[in-house]
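Encoded as structure tokens, the structure appears first; notes follow it.
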4 protein chains.
Amino acid sequence: MKKTCLVIGAGAGIGGSVGKKFAAEGYHAALCRRSNIDGLNAMVEDMREAGLSASGHLLNAVEEGALEELVEAAEAIAPIDTVLYNLGAQIGNRSLDETPLKTFELGWRMACFGLFRVAKVLVPLMVERGHGTILVTSATAAMRGNSGQHSHAAAMAGRRLLCQTMNAEYAAQGVHVVHIMVDGAVDAPDTLGKMLGAEQFEALREAKGKDKDGLLLPEKMAETYFHLATQHRSAWSHEIDLRAYSDLAWWNHAVNI
Amino acid sequence: MKKTCLVIGAGAGIGGSVGKKFAAEGYHAALCRRSNIDGLNAMVEDMREAGLSASGHLLNAVEEGALEELVEAAEAIAPIDTVLYNLGAQIGNRSLDETPLKTFELGWRMACFGLFRVAKVLVPLMVERGHGTILVTSATAAMRGNSGQHSHAAAMAGRRLLCQTMNAEYAAQGVHVVHIMVDGAVDAPDTLGKMLGAEQFEALREAKGKDKDGLLLPEKMAETYFHLATQHRSAWSHEIDLRAYSDLAWWNHAVNI
Amino acid sequence: MKKTCLVIGAGAGIGGSVGKKFAAEGYHAALCRRSNIDGLNAMVEDMREAGLSASGHLLNAVEEGALEELVEAAEAIAPIDTVLYNLGAQIGNRSLDETPLKTFELGWRMACFGLFRVAKVLVPLMVERGHGTILVTSATAAMRGNSGQHSHAAAMAGRRLLCQTMNAEYAAQGVHVVHIMVDGAVDAPDTLGKMLGAEQFEALREAKGKDKDGLLLPEKMAETYFHLATQHRSAWSHEIDLRAYSDLAWWNHAVNI
Amino acid sequence: MKKTCLVIGAGAGIGGSVGKKFAAEGYHAALCRRSNIDGLNAMVEDMREAGLSASGHLLNAVEEGALEELVEAAEAIAPIDTVLYNLGAQIGNRSLDETPLKTFELGWRMACFGLFRVAKVLVPLMVERGHGTILVTSATAAMRGNSGQHSHAAAMAGRRLLCQTMNAEYAAQGVHVVHIMVDGAVDAPDTLGKMLGAEQFEALREAKGKDKDGLLLPEKMAETYFHLATQHRSAWSHEIDLRAYSDLAWWNHAVNI
């Protein structure tokens, strides 16, 4: 029977690549993002033309009921075996002054509360089925606060420990939560590209090496995401880090955010 | 000139004891709590009768503007040299099902957002004065998620990393933030006592040893809180843990929450 | 061209299973262990009969020059692409009194110094080739000390940070070190089986579930070991944990050692 | 009755300052270091002239029996209430190639094995008396490995987890072990001064601020060391960090070693 991989936050970077990988492995990929319906449709069309099963969904994650309806819609296609929670909350470095209360709250709604809302509706289904995987993309900011990261770090730290509470309570019932700490810049035009601007993004790619693998490549990351979702339950990982070979781990330098 | 120690969350446990310690050392203690105006007044009266300087303030921390007004009121008495952020968000162990969205959000508002709000108004004053201390009482739940602690751990983890972002950005300007990880049960009738009920609380105290020091004693903890606030700026601590000698550290056992 | 996977500590558990996995994927598996030449030969024979490339090597890891010669011997067969450092130093729980100086030192020689010795001779070769993977099996004891684990924890903690120093210095030159924190009991008759005795080991297996997957199954773990060795260099993991679904993470309980 | 504070590693920095602080509080300070008998004698003389109780002891810590005899000698003066284990093992940044096996082993003997040896003879005495404090100066390198720190990090990580094993096993019997993570440069001519050379050391002091408090000041650190040794047993700290206000925490930058 078909099973769904629901990707919450499916842009041209990690989310899209993970969706494609799961679809290529026989899953239905339910891809959702906030905006750019044309880009979303194109991604879904591409996958369908390649013989893969995919659907596109627009989502305003902070809207009441929206995440819950998304889970319902994806379940209606095929049971959700794996969900990738891939919503970010990075807003660049800002002092306390430059971080309004609303911004701080929004970061938490996207990065932490949204995952809790998805878990509230999805975990009971997974427990009933005795199986399910929740992959959570995370960031260095989940591990330690850094200057200017007030909103991002507080939200991501909450997200990380929410993963831990869920494993502590539901792993033995078959629900596998993995906190995937992405500890470096991802080669993603949608997110990093937009944050930096086209020119600076290209300069960074050049600086990171002629083979363009000094940034995290989403399609390579997707291999590890898929591996984690298919680990046998006798040997599950709860936490893993990912970075490019040419990068230092967060515990070795400052500028990673 | 007089200086204020503002205690946000001043019950009969840590908050009250820290307030008394600072008052005994010459500070004005501005004590606030959510309810029990009689208890609050009695605490203030006791301190005044002992020749100490104290004031009482009621506070609904999640109300818009309330924390900000509190800071203003305390500043009006004397500049806030030290603030103790001592609001808890422990609600006992609850499954995902038993944790409504509102509860999860409330936990975050108390444990994480409130500290951010205080920092927004207080840190600029401290930066201007080139000095200030923010003591933050924290819990084991800030370090790792545990079964049933979905709301508490996510909120406390955010609180911890918010302490780190603030130190990273404002320590060099003289603002000292300390994350005090209370890793065990506190001998506090107001909080633990209420959570357990009088009988079970008394049984726990008995079980923990005849000298009643198997639980964390608030007046002894206050010694360390005060020491941290008076560390010379050439040798500041950012993180410290506290537990009773007879207790295991969180990394050594399960039941601590 | 053939490449070698050198397994240092190749018993019937993790080491043997990882060796088989790599051999099945086309590597030459150079398997070494301290004793039981018959068991080692039988393992090599089995693999050869299955058409795989394997060799057996006896090793006294604490002997001067022995690890260095082993690396040389394995290199002579085919360049070492991947080494699995799988020597343990678990001696059960012992008080300070029951841990002689020699025992403490031996634990360090096995768990920490041995890895350093291997790295001293192997890393330069890997740097020259611009590629190489060092997989290091580790234990909960690398993350935190626990009662009775004086020798084990001190040695394993050193091992973990040695992995970190090597990544910090050599990752950008193509050497990938992974610290694989095995956070639970492994279904391995050679190690856990011997430590517990046959009867208690069988009882544990029963207790852990009818499907025998409540213990970490070495052949399933080997899938993740292999995945880590084949991660694209744009997305490397440095630290990962492994445990059975039915087990709690170390940060959630006490008895894990 | 008199009680001894034994300082293992009593140079002109942390060790000497802690010794003086304890002596000023009424302890006998037993000060030992490896060499410079004249400097040691002068330090003891100064203290005696100030009416304090002190003795000087030369020690080659890696020599068989030497640490054990030192403990015996100090006990003979007055029971050891507090020991400060303050031996360092920093040798600057060195690649694997530049770190001979003997150097790696020596680092471990100084930083990790020495503490174990002291604990073997001292903990039983403290358990018998139902009280004792073991203060352990530690370094950023205990928290994470960094380039060039192969020997230092592996040794210090072992030291840290040895502190944790001891607390797990002996805290409930009254033995308080504190891991004091010194996360920055100390204003100590003996150690940092020698490592950098007089000129570069002075330049660093200048760079760190006109008030000379941009480096950790040993006599200020000693206040916290003493506070930790006098915490009431109902509220003990096991781990604490120390750094100058103008410095970043290790999790926020790279160059700290």
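Looking only at residues in the stretch B:12-40 that are in a loop (DSSP other than H, G, I, E, B) and touching a strand residue (DSSP E or B) at 6+ places or on another chain (Cβ under 6 Å), the one that is farthest from B:LEU228 (Cα to Cα) is B:GLY13.
When B:GLU199 is tested against (1) surrounded by fewer than 23 Cβ atoms within 10 Å (Cβ to Cβ); (2) under 17 Å from B:ILE14 (Cβ atoms), exactly one condition is not met: (2). Only a single criterion out of (1) facing chain C (nearest Cβ under 10 Å); (2) in contact with a strand residue (DSSP E or B) (Cβ under 7 Å, 6 or more places away or on another chain); (3) hydrophobic (A, V, I, L, M, F, W, C) is not satisfied by A:LEU217, namely (2). For the stretch A:186-214, a residue qualifies if it is within 11 Å of chain C (Cβ to nearest Cβ) and among the small types (Gly, Ala, Ser), and the qualifying residues are A:GLY209, A:GLY214. In the stretch A:191-198, is there at least one residue being under 21 Å from C:ARG233 (Cβ atoms) and at pLDDT below 95? Yes, the stretch A:191-198 contains a residue that is under 21 Å from C:ARG233 (Cβ atoms) and at pLDDT below 95. Where helices (runs of 4 or more DSSP H) sit wholly within the stretch D:41-154, those with at least 2 residues that are buried (at least 21 other Cβ atoms within 10 Å of the Cβ) and either among the polar types (S, T, N, Q) or within 13 Å of chain C (Cβ to nearest Cβ) (or both) occupy D:101-108, D:114-129. Which of the residues spanning the stretch B:200-232 are among the small types (Gly, Ala, Ser) and more than 11 Å from B:VAL186 (Cα to Cα)? The answer is B:ALA203, B:ALA207, B:GLY209, B:ALA222, B:ALA229.
Any residue that is outside any helix (DSSP H, G or I) and in contact with a Lys or Arg (Cβ under 8 Å, 6 or more places away or on another chain) - is there at least one of those in the stretch A:191-198? Please lay out each step first, then the result.
In the first step, residues of the stretch A:191-198 are kept if they are outside any helix (DSSP H, G or I); the result is A:197.
Then drop every residue that is not in contact with a Lys or Arg (Cβ under 8 Å, 6 or more places away or on another chain), which leaves none.
Within the stretch A:191-198, none of the residues are outside any helix (DSSP H, G or I) and in contact with a Lys or Arg (Cβ under 8 Å, 6 or more places away or on another chain).
D:ILE14 passes all but one of (1) β-branched (Val, Ile, Thr); (2) under 26 Å from C:LEU106 (Cα atoms); (3) surrounded by 19 or more Cβ atoms within 10 Å (Cβ to Cβ); which number fails? The single condition D:ILE14 does not satisfy is (2). Tell me, yes or no, whether the stretch A:65-84 has at least one residue that is at pLDDT below 95 and either touching a Phe, Trp or Tyr at 6+ places or on another chain (Cβ under 6 Å) or more than 19 Å from A:VAL177 (Cα to Cα) (or both). Scanning the stretch A:65-84 turns up no residue that is at pLDDT below 95 and either touching a Phe, Trp or Tyr at 6+ places or on another chain (Cβ under 6 Å) or more than 19 Å from A:VAL177 (Cα to Cα) (or both).
Within the stretch A:203-225, being charged (D, E, K, R) and part of a helix (DSSP H, G or I) holds for A:ARG205, A:GLU206, A:GLU219, A:LYS220, A:GLU223.
Number of residues in the stretch A:64-86 that are more than 13 Å from A:CYS5 (Cβ to Cβ) and among the aromatic types (Phe, Trp, Tyr): the value is 0. Between A:ASP213, A:ASP187, A:ASP183, the distinction of being acidic (Asp, Glu), in contact (Cβ under 8 Å) with a residue 12 or more places away in the chain and surrounded by fewer than 20 Cβ atoms within 10 Å (Cβ to Cβ) belongs to A:ASP213 only.
Within the stretch D:155-180, being in contact (Cβ under 8 Å) with a residue 24 or more places away in the chain, facing another protein chain (nearest Cβ under 7 Å) and of a type in the set (S, T, N, Q) holds for D:GLN164, D:ASN167.
The values are calculated or read from the model by the stated rules, or taken from the named source; none is laboratory data. Since we're looking at a predicted model, the values are computed, not measured. Heads up, the Cβs are rebuilt from the backbone with ideal geometry, glycines too, and the neighbour counts pull from every protein chain shown.
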